[in-house]
Amino acid sequence: MIDTLIYGSAGVGLGIMAGILPGLGTGSVMALMSLLLMGSEPQHVLIFYLGILVSAQYFGSVTAILTGIPGDPSSLPSATWGFPAAQQGQGQELLYITAKWSLISGITGFVLCVMIIVSGTYWARSLSVSVQSWLLLGAIVSIMLFSANTRIKNMILLCLGGVLASVGYSENFMQYFWVDSSSWLSDGIPWLPIMMGLMVIPGVMSLLSYRSQLITVTQRPRSLESHWPSGVRGGLIGFVLGTVPGMSYVLGSLVASKVEYAIQANAKKVVVASESANNAGATSMLLPLIMLGIPITTSDSVVYALLTANQSHNTISTIFHQHWPMLVIYFVVINLMLFLLAWRTGAAICGWVFEHAHAMAIMAMTLSVLSTSWLGYHTGQLSVSLAALAISTLVGLRFRDHDFSPVVYMMIMYPFVELTWHKASQLYF
Amino acid sequence: MKRLFVALFAAMAASLTWAQSITVMRIGAPGANSDFYATVVGTHLQSRGWKTKTTSFLDCKGAEKWVRDNPREPVIYVTWADDFVLPSIDPTHPRSCSGLTLDRDSLVTPIVKSYHMICSRNPVTTQAFLQHRDAKIGSWNHPVQMRIVRDTLKDLDLQQTRLISFARGADMLQALVSNDIDYMVVSSENLVRNIGGQCFLTMAPRGQAAVMSDFRTNSTQTSIESLVQRPTWVGTGLIPLYVAYNVDINQLRKDVVDIMSTSIEFQNLWSSSTVKSGVMTGITPEQQWQEFDRFLSQMKRQ
């Protein structure tokens, strides 16, 4: 119980920071905490992840409304539509309605997810390897199509990730690829320093030059306007599109905002629809991971890596089945808590985090180097890890505008891809 | 009283400095069985006065290099009996690490002894299995294991049966669940029972087949010896081992056997398993070595 509280609180706290600070996403936070999470019980990893995921959604919209800069990419519509409205004095009302709809759609989405997972996992486990192969291929193609870069670039990055991950000894094929047994790369190239260098450190370094001005919010009587149609529409769109690999809840948020704008060009309703979508999508994003063992975003893939470090990928669903009542209770409690925090004290919390953004950036960078070194030392790959960190950091800083998540995704997923390919080749060729 | 406390703390500090130090080496992919065995023993050795530190390698090549670079360091690791046969069968194989040696003074204890079984999720009789000509059967992808399975299929005149290899048992179980394979070769029937299957054919010698079957349901399995007059392989199974170098082997053996007999992790593992827990711990180290030496000799003869 105490452990659950600790992991839950840490997840919520770090998720708030991830939501507020642009450049520090949920995937980066999971990677930074991976050293601590690697030896943890799998249900605690899930608790921690849910905490980060949910709180980043709440506070991503708070930052977007109050500063015009989305802390989380899925809050872009809130920045586009909500910030101008906040400048006209509607900030407090917007904080209330976004928090309220985050609460409603988040809880509804999660309960729906649990129902689908509990009733559908038996079917998911019975899928033959050929169906699994097609689903996996679909996920990879989807990431290629819907990630931030051009399609060609995404394809190249996915291939690069696959090549990096294939270096070393393959358990499935029982042979070495690209190197021989005496090479210093015979144990392969670990994914963590690559992710730190390409994504985490450049993102965190951008915080060092971050300056932001918060709009002052004043208490205003809440509007009696109903937002139910917008909230429900957005929630449905977000829940469905949240399962799309690559952009997931970000896609849901953008599409919901465009649909709502087409129906009625009302700033508050567009913001409600997009926030409802991104909270619902953040829950449905878990469906492929838990039911099929296929992560669809970078943060999902880090969770996948942490959970499968101790288990076969199929037992993510077993872990969920064993602990879902606790996860549901935890989810409801933190949503209620975050609703109050975001609505009542969102501005104050944002202000505090911005004041300490530089210190947090320095801590995050230190942690990234330390965790990479520590894990490298304990797996006998210290020199490889440090070299990978150095090279990937140089590349990440040089090409800061590029999205390297396909590389990281493929590096983490490659063992599963290789296993599926190996099984399929034995069975069908 | 103050002097008593000082003396107590001094004794504790002294015991810490005099505590035997040992490196617990984890070899293999994270989450594999050997990882579990190494972690459990490493954790419990600390409570028995050992000062432990852990190091991990994805395969035995890294472990071999570590042992070569640290020839006098006390170390304990988990491996499979098959790994000590491989250098004589295929010295160039990536899993073939002749730098990791095994003799009476380095064998701490075999963890458990269990016989291979052929299992299925469908209700299958041995007769039906023998008539299933285009089946797919899964096996752990260790070359020695694959060789045993291939030779056994040949003995049973099932050469058309397709052998599908898996690096991890969990993946093989999943393949059985999704009907990608029809049968699997495994050493613990309980793993198959957990997914609604059962085992019907065993590599145990004829007299032992009934003994080694599930003691909860008293079901019996057919021994390979009942089907084939002179099978190539009899009495084979997966034998995980604790191996140690540069350490007081008698003390370590005593502590490891105690851990295997009393720790909650091993009790949970074996309380619902068909494998007789402690079957290798109840006999003397000399007897264990003889049992193991017999197995190695049999494998190398083939």
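The values are calculated or read from the model by the stated rules, or taken from the named source; none is laboratory data. In this text the structure is predicted, and so the values were computed from the model without any measurement. Glycine also receives a Cβ, built like all others from the backbone with ideal geometry; neighbour counts cover every protein chain displayed. These accessible areas exclude ligands, DNA and RNA; they are computed on the full protein's heavy atoms, side chains included. Shrake-Rupley method; radii C 1.70, N 1.55, O 1.52, S 1.80 Å.
Taking the three principal axes of the alpha carbon atoms in segment A:1-118, the coordinate ranges are 49, 32, 23 Å, sorted in descending order.
Tell me which chymotrypsin sites (Phe, Trp or Tyr not before Pro) from segment A:347-390 have a DSSP coil assignment and no more than 10 other beta carbons within 10 Å of their own. If you can, show how the numbers build up before the last one.
Working: sites: A:TRP352, A:PHE354, A:TRP374, A:TYR377; in loops: none.
Passing both the DSSP loop test and the Cβ count: no residue.
Separation of segment A:227-303 and segment B:106-180, taken as the distance between their Cα centroids, equals 45 angstrom. Each helix, a run of at least 4 DSSP H residues, gives -39500 (n - 2.57); summed and divided by the residues of chain A, these come to -23500 deg cm²/dmol at 222 nm.
Length available on full extension from A:SER9 to A:GLN322: 0.36 nm per residue minus the Cα-Cα distance, which gives 110.5 nm. Interface burial in segment A:148-180, defined as at least 20 Å² less accessible area with all protein chains than with the chain alone at a 1.4 Å probe, covers A:TYR169, A:GLU171, A:ASN172, A:MET174, A:TYR176.
Calculated accessible area for chain A comes out at 39 Å² per residue, all protein chains present (probe 1.4 Å; ligands, DNA, RNA ignored).
Residues of segment B:158-199 buried by at least 20 Å² of accessible area upon assembly of all protein chains, compared with the chain on its own (1.4 Å probe): B:ARG162, B:ILE164, B:SER165, B:PHE166, B:ALA167, B:ARG168, B:ALA170, B:ASP171, B:GLN174, B:VAL177, B:SER178, B:ASP180.
Rounded to the nearest 0.05, what FRET efficiency is calculated for A:LEU370 and B:VAL228 with R0 set to 51 Å and r the Cβ-Cβ distance?
On the way: r = 59 Å, r/R0 = 1.16.
Efficiency at R0 = 51 Å is approximately 0.30.
Counting only Cβ charges, +1 for Lys and Arg and -1 for Asp and Glu, the dipole size of the protein assembly as shown around its Cα centre is about 580 debye. Both chains summed, the buried accessible area for B and A stands near 2600 Å², from protein heavy atoms and a 1.4 Å probe.
For segment A:309-429, the dipole from Cβ point charges (+1 on Lys and Arg, -1 on Asp and Glu) about the Cα centre works out to 60 debye, to the nearest 20.
Compactness of chain A was expressed as the Cα radius of gyration divided by 2.2 N^0.38 Å, which yields 0.96. With Cα atoms as the point set, the radius of gyration and Dmax of the protein assembly as shown evaluate to 28.4, 92 Å. A Cβ-based charge dipole, computed about the Cα centre of chain A with Lys and Arg at +1 and Asp and Glu at -1, lands at about 880 debye.
Across segment A:120-204, Cα-Cα pairs farther apart than 22 Å form 49% of the total. Carbon and sulfur together cover what percent of the accessible area of the protein assembly as shown at a 1.4 Å probe radius? Reported share for carbon and sulfur atoms: 62 percent.
Enumerate the helices in chain A for which the Kyte-Doolittle hydropathy averages 1.6 or more and the C-alpha atoms extend at least 20 Å along the helix's axis, using complete DSSP H runs.
A:129-146, A:382-398
Longer than 22 Å from Cα to Cα, which of A:LYS153/A:LYS258; A:LYS153/A:LYS423; A:LYS100/A:LYS269; B:LYS53/B:LYS254 are they? Say none if no pair is. The partial results should precede the final answer.
On the way: A:LYS153/A:LYS258 26 Å; A:LYS153/A:LYS423 29 Å; A:LYS100/A:LYS269 13 Å; B:LYS53/B:LYS254 20 Å.
In this structure, A:LYS153/A:LYS258; A:LYS153/A:LYS423 lie more than 22 Å apart at Cα.
Pairs of Cα atoms under 8 Å, at least six residues apart: use those to get the relative contact order of chain A, whole percent.
The normalised contact order for chain A reaches 27 percent.
Working note: Cα atoms of segment B:32-100, range along each principal axis, descending, whole Å: 40, 26, 17. For segment B:66-109, a decrease in accessible area of 20 Å² or greater in the assembled protein chains relative to the isolated chain, with a 1.4 Å probe, applies to B:HIS93, B:PRO94, B:ARG95. If R0 is 51 Å, the Cβ-Cβ spacing of A:ALA265 and A:SER183 corresponds to a FRET efficiency of close to 0.25.
Entry for segment A:220-345 at q = 0.17, 0.19, 0.22 Å⁻¹: log10 I(q)/I(0) = -0.94, -1.07, -1.22, Debye formula applied to identical alpha-carbon scatterers, no solvent contribution. Kirkwood radius for segment B:39-195, taken over all pairs of different Cα atoms as the inverse mean of 1/r, rounds to 18.1 Å.
Compute the distance from the alpha-carbon center of segment A:331-346 to that of segment B:29-101, in whole Å. Taking the Cα centre of segment B:29-101 as reference, the centre of segment A:331-346 is 49 Å away. Between A:VAL111 and A:TRP228, the simple label model (points 7 Å from Cα in the Cβ direction) yields a spacing of 1.6 nm.
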